[in-house]
Amino acid sequence: MSDEGISGRTTIVDIAKRAGVSTSAVSYALNGKPGVSQRTRDRILQIASELEWVPDAAARTLSLSRTDTVGLVLARDARFLASEGFFMEFIAGVETELSKTNRAMLLQVVSDPERELATYRRWRSELRVDGVVLVDLRRDDPRVELVQRIGLPAVAVADPSLTNGLMTVWTDDATGARGSVRHLHEMGHRSIARISGSPHLAHVAIRDAAFIDECEARGVRPLVLGGDFSGPTAEQLTREVLSMQGAPYTAIVYDSGLTAVAGLTAARQLGVSVPDDLNIIGWDDSPICTVTNPPISVMSYDVVSYGETVGRVFTALLDGAEPAAHVGGVPTLHRRGSTWSEPRPPAG
């Protein structure tokens, strides 16, 4: 492995000065050779990560060129991930496709976005992965700039407007949000609430905007309450919606299957009948939505197939394909017992 950084950026001299050691010690640590204590090695690797040191292209070629590993970092509460079916299906799809080329996925769950950024820096400096899959993008997401700056190949799972030319796979969230409003309006609803996921996530904001725009276009009274994808928050917000004075909201659209189930629970506890008094639509189908009473209608697409698309696109990227945007799915309504099966006259 070369001792130089790339394009005149951080070098082992910079790392040595920061660590207070010789350049030889830095070289030993970065190349995994004996000659320094474990404590010194850990300190050098930490400083290299902080300074965003990466080996040069020649060194990468000499280090067997590829690791056959794709990285995925999830900056989410692990307790929510355990009960959220989307990522399990998504990861299964990605790995199914990667396995066809003898690649595997390295999954890291972290507590916050800063640790996620640090993970990408460390993986790049240690040559741990061939590239990464970026999910849960935000507006002006710093990860996009970071992976481009340090030369870490990436596939962004997000609307193309957010990815600054990265290889992209996306779902048409705006069309899905409009579709949920259109269906409920056709069934006779004129007051519709939406209990969304984390508002700082760009795909949630896209759904929010499309939901409000479609409601206004159809003369529907909208309400959007920002949540966090957790069951307890969804229950609390559902109680708020159903306890409001004045004309009631007769339908609620949720941002996941888990939160829709939580909303159904809250409605029952308040004595509100689903679907007679309240219609519920979730987002991203999961087995839990099919075993409730009544089963929950969802806006969804084939998540496993979506993951497979990401895996195929990543393989193409590593094989030299030019970055492009690929549509992985358009959410459509899967109607079940939580929504009316026939139109009814608007309330009031």
Report the residue count in the stretch 214-254 for those that are basic (K, R) and either farther than 14 Å from A177 by Cα or outside any loop (DSSP other than H, G, I, E, B) (or both). 2
Filter the stretch 159-188 down to the residues that are assigned to a helix (DSSP H, G or I) and small (G, A, S) and list them by number. S161, A174, G176, A177, G179, S180
Of the numbered conditions (1) touching a Leu at 6+ places or on another chain (Cβ under 8 Å); (2) not assigned by TED's automatic domain parsing to the domain that holds A75, L166 satisfies every one except a single condition; which is it? (2)
Residue among L117, L107, L98 that is outside any helix (DSSP H, G or I) and in the same structural domain as E308 (by TED's automatic domain parsing): L107
Over the stretch 291-315, the set of residues over 22 Å from G257 (Cα atoms) and without any contact (Cβ under 8 Å) to a residue 12 or more places away in the chain is none
Pair list, Cβ < 7 Å and 6+ apart or interchain, from the stretch 39-52 residues that are part of a loop (DSSP other than H, G, I, E, B) to residues that are buried (at least 19 other Cβ atoms within 10 Å of the Cβ) and aliphatic (A, V, I, L, M): L51/I15
Based on what the data block shows, is R194 at negative phi and in a helix (DSSP H, G or I)? no
Looking at the stretch 134-141, is at least one residue in a strand (DSSP E or B), not basic (K, R) and not assigned by TED's automatic domain parsing to the domain that holds H200? yes
Considering each residue of the stretch 66-93, count those that are closer than 23 Å to L146 by Cα, more than 13 Å from the chain's Cα centre (by Cα) and either modelled with pLDDT under 70 or of a type outside the set (S, T, N, Q) (or both), and give that number. 4
For A156, work out the one condition from (1) free of Cβ contacts under 8 Å to residues at least 40 places away in the same chain; (2) part of a helix (DSSP H, G or I); (3) under 19 Å from L98 (Cβ atoms) it doesn't fulfil. (2)
Sort out which residues of the stretch 31-65 are surrounded by 14 or more Cβ atoms within 10 Å (Cβ to Cβ) and modelled with pLDDT under 80, and write them in order of number. N31, S49, E52, W53, V54, P55, D56, A59, R60, S63
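Yes or no, residue by residue, for (1) closer than 21 Å to S338 by Cα; (2) without any contact (Cβ under 8 Å) to a residue 12 or more places away in the chain; (3) outside the structural domain of F314 (by TED's automatic domain parsing); (4) surrounded by fewer than 20 Cβ atoms within 10 Å (Cβ to Cβ):
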| position | (1), (2), (3), (4) |
| --- | --- |
| G179 | yes, no, yes, yes |
| E186 | yes, no, yes, yes |
| H189 | yes, no, yes, no |
| R194 | yes, no, yes, no |
| H200 | no, no, yes, yes |
| H203 | no, no, yes, no |
| F211 | yes, no, yes, no |
Within the bounds of the stretch 302-315, is there any residue that is more than 20 Å from the chain's Cα centre (by Cα) and either in a helix (DSSP H, G or I) or of a type in the set (A, V, I, L, M) (or both)? no
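The values are calculated or read from the model by the stated rules, or taken from the named source; none is laboratory data. As the structure is a prediction and not an experimental result, all values here were calculated from the model. Ideal geometry is used to build each Cβ from the backbone, glycine not excepted, and the neighbour counts take in all protein chains shown.
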